[in-house]
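Reading through the structure tokens given below for one structure.
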Amino acid sequence: MNIVIVGVGSMGICIAQVAATFGHDVFLFDPYSEQLDKSKKNLTSILNRQVEKARMTQAEVDKILSKVHYVDHINDFSSCGLVLEAVIEDLRVKKDQIARIEAMVPKNTIIATNTSSLSIASISSALKKPDRFLGVHFFNPAPLMKLVELVPGISTTPKTVEVTGELIRSWNKITVTAKDTPGFIVNRVARPFYGEALRIHDEGVADPATIDWAMKEIGGFRMGPFELMDLIGHDVNFAVTETVFKEFFYDPRFKPSFTQKRLVEAGRLGKKSGIGFYDYREGANNPAPDRDQQKGEMIFNRILVMLINEAADALFMNIATAEDIDLAMTNGVNYPKGLLQWGDEIGAENVLKQLQELYETYYEDRYRPNPYIKKIVSEGKTFRN
Ligand SMILES: NC(=O)c1ccc[n+]([C@@H]2O[C@H](COP(=O)([O-])OP(=O)(O)OC[C@H]3O[C@@H](n4cnc5c(N)ncnc54)[C@H](O)[C@@H]3O)[C@@H](O)[C@H]2O)c1
């Protein structure tokens, strides 16, 4: 089966690499044809680096490169099983692209979008037959990240999800299915990792180095929230938070932070601009964490119960199954454990007690314990039953 990818930016070429690795002929198309040359160079240099690091052989790289075709027009979609659009995150642009695609593909070709924040319903409104359209959300970098979120829209048939899932799993990926709601699973459930860390910092409880230390040393996370925000880039991370907040009709749980907004306004975007919460410039000295165990545990527990509360909400609102929520967080953002599993390990009653204490301290809606947790505690059940 041939695959067509429309949009050859960072995601488009990485997804092409994945599909080509598994033997598909991949046709890369971009409305801006000058991008094609650039993407060819990018993919070749990404793969050559793999050879230098002895992660791939030259023969493997040559095979992949021979399967990726750069085309400046697409007029033959007849043997194409999947068209995935990965153009910029702009609703008007995406609708325009998929309407053009629909006009050219056979009627059983699956059309997918790699959007991370737009609703599948809104993009699908450009299609005459939206039943074979869905979200197929890869994570960056796609060759390394195992997770792919499948997001059916209002009109997507179960068959479309099933066939797409089988294809993506044959590329050695783990798929989860999410309801078409803001942030799908990962970008919704992960919000408190950043939001609660920022709030703790804003309250003056601890500095970024101490919060990062607590999450890594006590929590077992690979990176602390401030390091991760600096790596993602505050422009990107703030934009996701703002979108989720707005799309949830301004639910205070997702309220963005002024501190992060100011970093964006000042151009302190993190690692890519040389400074964010940490200073990455040559000769810079960053403060050491205050390794106070008691404070560290308080910080870690506060962020963890907020994350578990969010995972419980995703379950309560039928965004995904408990299994998929845990798979999404361990494979999409490399959390050391699934949050619902974590909730079971520390006990739902304990989670509820800590959330109630936070709520009674602040009387802010962001700390309200999810009804699902209250229900399982009163029924003596566990998060994953
Ligand atoms: N970068 C990530 O971490 C990431 C992760 C998951 C999903 N996504 C999603 O994948 C998609 C692509 O993201 P990316 O990071 O690869 O973007 P990118 O900016 O690297 O590439 C975007 C592509 O869109 C094309 N483009 C630009 N303007 C256009 C226009 N007016 N009409 C048609 N095409 C146009 C560009 O030529 C480019 O090839 C977005 O929907 C994004 O939300 C990104």
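The values are calculated or read from the model by the stated rules, or taken from the named source; none is laboratory data. On a predicted model such as this, the values are computed, not experimentally measured, just so you know. Because the Cβ atoms are built from the backbone with ideal geometry, glycine has one as well, and the counts that use them run over all protein chains shown.
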Of the listed residues (Asn334, Asn370), the one being under 18 Å from the mean Cα position of the chain (by Cα) and surrounded by fewer than 24 Cβ atoms within 10 Å (Cβ to Cβ) is Asn334
Positions within the stretch 91-108 being away from the ligand (no atom under 13 Å from the Cβ) and small (Gly, Ala, Ser), in sequence order: Ala103
Residue list for the stretch 7-38, filter: within 13 Å of the ligand (Cβ to nearest atom), free of Cβ contacts under 8 Å to residues at least 60 places away in the same chain and within 16 Å of Asp62 (Cα to Cα): Ile13, Ala16
Give me the residue from the stretch 213-229 that is assigned to a helix (DSSP H, G or I) and within 16 Å of the chain's Cα centre (by Cα) and, out of that set, surrounded by the fewest Cβ atoms within 10 Å (Cβ to Cβ). Leu228
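Out of Asp207, Asp202, Asp212, which single residue is in contact with an Asp or Glu (Cβ under 6 Å, 6 or more places away or on another chain), charged (D, E, K, R) and in contact (Cβ under 8 Å) with a residue 12 or more places away in the chain?
The match here is Asp212.
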Among the residues of the stretch 215-227, the number that are free of Cβ contacts under 8 Å to residues at least 40 places away in the same chain and more than 19 Å from Val305 (Cβ to Cβ) is 1
Among Leu118, Leu134, Leu144, which is the only one that is outside the structural domain of Asp230 (by TED's automatic domain parsing), closer than 22 Å to Pro256 by Cβ, within 16 Å of the ligand (Cβ to nearest atom) and not small (Gly, Ala, Ser)? Leu118
Cβ-Cβ below 9 Å, separation at least six or inter-chain, first residue in the stretch 310-325 and at positive phi and not assigned by TED's automatic domain parsing to the domain that holds Ile154, second in a loop (DSSP other than H, G, I, E, B) and not aliphatic (A, V, I, L, M): which pairs? Asn318/Lys179
Is there any pair linking a residue in the stretch 228-244 that is aliphatic (A, V, I, L, M) to one that is near the ligand (Cβ under 10 Å from one of its atoms), with Cβ under 7 Å and at least six apart or on different chains, and which? Val240/Ser117; Val240/Asn187; Val244/Asn187
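Among the residues of the stretch 1-26, write down those that are part of a strand (DSSP E or B) and touching a helix residue (DSSP H, G or I) at 6+ places or on another chain (Cβ under 9 Å).
Listed by number, the residues that qualify are Ile3, Val4, Ile5, Val6, Val26.
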Name the helices (runs of 4 or more DSSP H) wholly inside the stretch 104-212 in which the number of residues that are closer than 23 Å to Ile3 by Cα and not small (Gly, Ala, Ser) is 1 or more. 120-124, 158-169
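Given the condition more than 21 Å from the chain's Cα centre (by Cα) and either over 30 Å from Asn385 (Cα atoms) or among the small types (Gly, Ala, Ser) (or both), answer yes or no: does some residue in the stretch 301-321 qualify?
No, the stretch 301-321 contains no residue that is more than 21 Å from the chain's Cα centre (by Cα) and either over 30 Å from Asn385 (Cα atoms) or among the small types (Gly, Ala, Ser) (or both).
Per-residue answers, yes or no, for (1) in contact with a strand residue (DSSP E or B) (Cβ under 9 Å, 6 or more places away or on another chain); (2) among the β-branched types (Val, Ile, Thr):
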residue: Gln97; (1), (2): yes, no
residue: Asn108; (1), (2): yes, no
residue: Leu134; (1), (2): yes, no
residue: Leu144; (1), (2): no, no
residue: Asn172; (1), (2): no, no
residue: Thr175; (1), (2): yes, yes
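When you look at Ile111, is it within 12 Å of the ligand (Cβ to nearest atom) and hydrophobic (A, V, I, L, M, F, W, C), yes or no?
Here the answer is no, as Ile111 does not meet what is asked.
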If you check every pair at least six apart or on different chains, which have Cβ atoms under 6 Å apart with a residue in the stretch 105-117 that is more than 18 Å from Glu162 (Cβ to Cβ) first and a residue that is assigned to a loop (DSSP other than H, G, I, E, B) and within 16 Å of the ligand (Cβ to nearest atom) second? Asn114/Ala86
